[in-house]
Amino acid sequence: MSNNLQLNSEGKLKHFLTIEGLEKQLLVDILDLAESFIGVNDQRIKKIPLLRGKSIVNLFFENSTRTRTTFELAAKRLSADVLSMSIATSSTSKGESLLDTIRNLEAMYVDMFVVRHGISGAAHFIAQHASKHISVINAGDGQHAHPTQAMLDMFTIRQFKQDFSKLRVAIVGDILHSRVARSNIQALNTLGAAEIRVIAPKTLLPAQVETMGVTVSHSLADGLKDIDVIIMLRLQKERMTSALLPSESEYFKCFGLTPERLKLAKPDAIVMHPGPINRGVEIDSKVADGPQSVILKQVSNGIAIRMAIMAMAMQKQESFDG
Amino acid sequence: MSNNLQLNSEGKLKHFLTIEGLEKQLLVDILDLAESFIGVNDQRIKKIPLLRGKSIVNLFFENSTRTRTTFELAAKRLSADVLSMSIATSSTSKGESLLDTIRNLEAMYVDMFVVRHGISGAAHFIAQHASKHISVINAGDGQHAHPTQAMLDMFTIRQFKQDFSKLRVAIVGDILHSRVARSNIQALNTLGAAEIRVIAPKTLLPAQVETMGVTVSHSLADGLKDIDVIIMLRLQKERMTSALLPSESEYFKCFGLTPERLKLAKPDAIVMHPGPINRGVEIDSKVADGPQSVILKQVSNGIAIRMAIMAMAMQKQESFDG
Amino acid sequence: MSNNLQLNSEGKLKHFLTIEGLEKQLLVDILDLAESFIGVNDQRIKKIPLLRGKSIVNLFFENSTRTRTTFELAAKRLSADVLSMSIATSSTSKGESLLDTIRNLEAMYVDMFVVRHGISGAAHFIAQHASKHISVINAGDGQHAHPTQAMLDMFTIRQFKQDFSKLRVAIVGDILHSRVARSNIQALNTLGAAEIRVIAPKTLLPAQVETMGVTVSHSLADGLKDIDVIIMLRLQKERMTSALLPSESEYFKCFGLTPERLKLAKPDAIVMHPGPINRGVEIDSKVADGPQSVILKQVSNGIAIRMAIMAMAMQKQESFDG
């Protein structure tokens with residue numbers, strides 16, 4: 001009953017491309033399933049046979065060791081066969097189009113593509129053109145979306161704060177270029193957070209950012225007041241040279257999260273970051289390694305969340321077959 | 001009773017290096033075994049335990065994501081452990097000889113090498129020098145042979161056309177430099193095709209090509225008459241600059257397969273291509289994506305054929321042990 | 001009862017970083033366990049389920065196809081999941097510190113790091129900072145230690161010569177820069193070899209080398225007298241240009257192992273080399289491929305030894321959990 005590309009005709013998750021358009025209950029289902037997988041990672045035998053005999057291809061057009069590693073570990077712990085392809089250096093160098101690459105992998109009876117691409121919309125494009133039996137997971141596309149990151153952030157927030165409806169969440173840094181920010185804003189709105197506050201210099205905010213359902217602050221000192229959850233964004237060093245920002249040290253002076261500034265938030269506020277962190281640029285090491293930081297917890301939760309999303313998307317295939 | 005390097009003392013397949021010298025019955029056995037594996041790729045659990053605990057090493061001295069991927073998937077679906085090595089960037093850079101690399105991998109109790117190499121005869125050389133318990137599969141050597149590609153082509157032809165003895169097959173393009181063409185001509189002759197017609201400009205044909213058991217045409221328009229199967233070859237862009245060919249557009253004008261030209265073949269002719277295709281160079285997109293194209297079927301069949309060849313070559317080891 | 005970083009509170013092996021400080025019995029236990037694994041590599045199904053569901057990450061900051069391959073095969077034959085990361089080209093390029101990389105992988109519930117690094121002490125550093133449940137195996141750190149190589153060398157010596165207490169072992173070549181030499185000297189001393197003789201030009205010996213428990217010779221002709229085991233070291237070509245050595249041919253003239261020189265040792269002396277060998281630089285091909293060479297036996301034993309060390313280090317975790 002949905003024309004959302006991500007759902008099959010029964011409204012079940014088939015692709016996972018963006019948080020946009022997904023209903024609250026579906027997000028909650030993902031969080032609940034991930035919770036059941038947390039234990040798997042602590043067992044002596046960290047493996048369940050849910051996706052045994054399935055072939056998953058990591059299609060990474062953009063390099064990211066960390067994200068690729070979490071998807072690979074998640075897939076192996078579900079007992080799937082995984083194949084990682086760095087596409088920049090492979091078939092496209094022979095001039096093959098993206099669509100031909102996809103068609104060929106499909107023909108090899110692959111079940112799932114995990115796609116990372118520098119161009120916004122790449123994962124959607126692949127999902128639109130892939131044959132019916134294939135699921136596509138977006139592992140980050142341009143400046144558009146990074147929905148598995150958003151879901152692991154939601155999981156981490158729920159782990160520490162339970163009820164979303166009472167939470168004030170600050171997202172700090174380069175909102176303009178951040179797919180993490182976009183997906184997190186959508187997820188927090190869907191899950192009903194009390195307030196989502198973006199804190200950034202004007203040059204790093206999208207035009208009409210308020211229409212995304214957020215409040216805006218241009219000062220970290222003012223903006224952290226009453227905040228329960230602080231999501232720091234990674235500062236891309238490229239921004240420095242593009243005249244959007246004066247310098248790293250200047251940025252840190254205004255928007256870097258220091259222990260002093262952290263005190264301006266609620267005393268039990270948690271600090272999050274999608275990683276890899278730039279110590280001394282957007283975050284002080286004392287905060288990153290301090291007691292309020294849940295950054296490594298996010299990494300751990302990332303395995304369980306990706307297991308849950310892969311398992312759920314693959315399930316739609318079973319009902320499709322059966 | 002054979003002095004063919006590819007067979008063991010009982011005449012069973014041990015290495016798979018070239019179609020040359022293999023008997024018709026052996027080729028048919030491979031096709032039949034592959035047919036039994038087609039179902040595996042459609043199952044929910046795409047895995048059979050035939051090669052469980054076997055170690056297969058992909059030795060790719062020449063880059064080919066697609067071929068490496070099919071071998072990797074085929075090996076995993078047989079439950080083998082696979083290790084892919086890109087040799088250009090590894091031990092040979094420390095000045096180790098090919099033979100030392102082989103000796104070392106053998107010593108690690110590897111069971112099979114899948115070899116891709118830019119030099120003709122490389123797979124033979126390795127098979128000659130490898131220790132007794134090892135099987136070598138040629139995944140393409142220089143301009144010499146690409147026998148697994150030929151077998152998947154034969155499989156695809158049989159799938160659509162059954163009886164080889166009535167078939168007229170055209171191979172179009174750069175016959176001179178093509179290992180795919182050489183292996184296909186040998187396989188088609190062994191399986192008893194009625195006619196194998198090579199269609200190419202004179203500069204892209206080997207001297208005395210007729211001795212290979214083919215008829216020759218220098219015009220696509222004339223050559224396609226009465227043809228049941230059209231095998232298009234990939235045009236290597238290097239040929240353009242080497243003065244063997246005038247230009248891409250000129251080539252397409254003379255030897256590109258367009259919908260109009262395709263009509264000159266039999267109405268139910270199938271169109272094949274080993275991939276990756278150069279759209280608009282050797283083949284028009286309308287043909288490549290059209291109803292007579294079986295190009296993606298070839299890719300699918302490639303998995304089953306490689307499973308069959310690997311399983312059969314490994315079986316000889318069992319009888320050798322037992 | 002040991003403050004050795006490598007042992008847990010019960011004195012069981014947890015990390016394997018260096019031979020230094022390990023007791024003779026522990027080394028013998030590793031050799032014995034490896035012996036029980038030799039059979040696994042000869043079986044039709046070369047796999048035992050000892051580390052099923054464990055996640056092992058190969059962290060190779062220094063390129064080494066051969067060593068990485070043996071660790072990967074060893075891990076797969078123990079049924080572990082293995083993930084190989086070439087770190088030079090990955091996250092450190094985004095400016096992430098070594099410690100952040102480690103922390104992140106830990107958070108993914110990894111069980112073991114196999115570390116290769118160009119800087120002496122890197123594996124120790126990681127073991128010191130890794131969380132409690134993780135084992136670290138040193139696969140070579142700078143010029144410091146290569147303990148798994150030393151153990152496979154000990155295994156090979158025991159295989160051919162049994163009793164260490166009667167053996168005179170020569171180590172020939174660039175002792176100064178060799179982590180293999182350091183680890184072998186320590187292992188031979190611990191296992192009670194009768195004599196360890198280092199044979200090298202003065203420029204390639206550490207200051208006060210005698211304090212390491214070795215005798216010294218500067219001449220291959222004199223030094224090989226009464227020797228049972230000859231361990232040749234690989235000559236790093238970099239040494240040539242750094243003025244420590246005149247030229248390759250000069251070096252071969254003085255310290256290359258030829259069939260003539262080999263006759264100066266005991267008639268049943270064995271010749272070893274950690275590989276990859278430089279034919280005609282430190283060793284004549286006739287010797288490397290001759291009847292007294294056990295170089296490929298070393299490679300085979302390397303799989304069993306690495307299986308033993310990984311299994312033993314992981315066992316400490318079981319007793320730690322239980």
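A short reminder: the numbers here are calculations on the coordinates, not readings from a lab. What you see is a predicted model; the values in this text were computed from it and never measured. Please note: Cβ atoms are built from the backbone with ideal geometry, for glycine as well, and neighbour counts cover all protein chains shown.
Working from Cα positions, state the angle (0 to 90°, nearest 10) between the long axis of helix C:65-77 and the longest principal axis of chain C. Taking the Cα atoms of chain C, the angle to C:65-77 is about 50 degrees. Each of B:Ala193, B:Leu204, B:His144 was scored by the projection of its Cα onto the charge dipole of the stretch B:75-213, and the greatest displacement toward the positive side belongs to B:Ala193; charges sit on the C-beta of Lys, Arg, Asp and Glu.
Ordering A:Ser219, A:Leu78, B:Phe71 by Cα displacement along the dipole of the protein assembly as shown toward the positive end leaves A:Leu78 in first place; charges were set at the Cβ atoms of Lys, Arg (+1) and Asp, Glu (-1). Angle check, please: helix B:295-321 long axis (alpha carbons) against the longest principal axis of chain B (alpha carbons), in degrees 0 to 90, nearest 10. Once rounded, the angle reads 30 degrees. Across the identical copies, the 7 Å label point of A:Ser86, projected outward along Cα→Cβ, sits 0.6, 0.6 nm from its counterparts, in ascending order. Which FRET efficiency value, to the nearest 0.05, is calculated for A:Ile45 and B:Arg52 with the Förster distance at 22 angstrom and r the Cβ-Cβ distance? Once the sixth-power term is evaluated, E becomes 0.75. Dividing the convex hull volume of the alpha-carbon atoms in the stretch B:8-153 by its residue count gives 120 Å³ per residue. By the compact-protein rule of thumb, 2.2 N^0.38 Å, the alpha-carbon radius of gyration of the protein assembly as shown corresponds to a ratio of 1.03.
Mind pulling the angle between the C-alpha long axis of helix A:147-161 and the longest principal axis of chain A? Nearest 10 degrees, somewhere in 0 to 90. Helix A:147-161 sits at roughly 60 degrees to that axis. The stretch C:147-299: D in µm²/s via Stokes-Einstein (Kirkwood Rh, Cα pairs, 25 °C, 0.890 mPa s)? Result for D is 162 µm²/s.
Of the trypsin sites (Lys or Arg not before Pro) found in the stretch C:274-317, no site is in coil according to DSSP while having at most 11 other Cβ atoms within 10 Å of its Cβ. Based on DSSP H segments of at least four residues, each scored -39500 (n - 2.57), chain B has a per-residue ellipticity at 222 nm of -11500 deg cm²/dmol.
In this assembly of identical copies, the label point of B:Asp29 (Cα plus 7 Å along Cα-to-Cβ) is separated from its counterparts by 5.1, 5.1 nm, sorted shortest first. Quick check on my link table: of B:Lys47/B:Lys161; C:Lys263/C:Lys286; A:Lys54/B:Lys47; B:Lys24/B:Lys54, which ones sit more than 19 Å apart, alpha carbon to alpha carbon? Long pairs (Cα-Cα over 19 Å): B:Lys47/B:Lys161; B:Lys24/B:Lys54.
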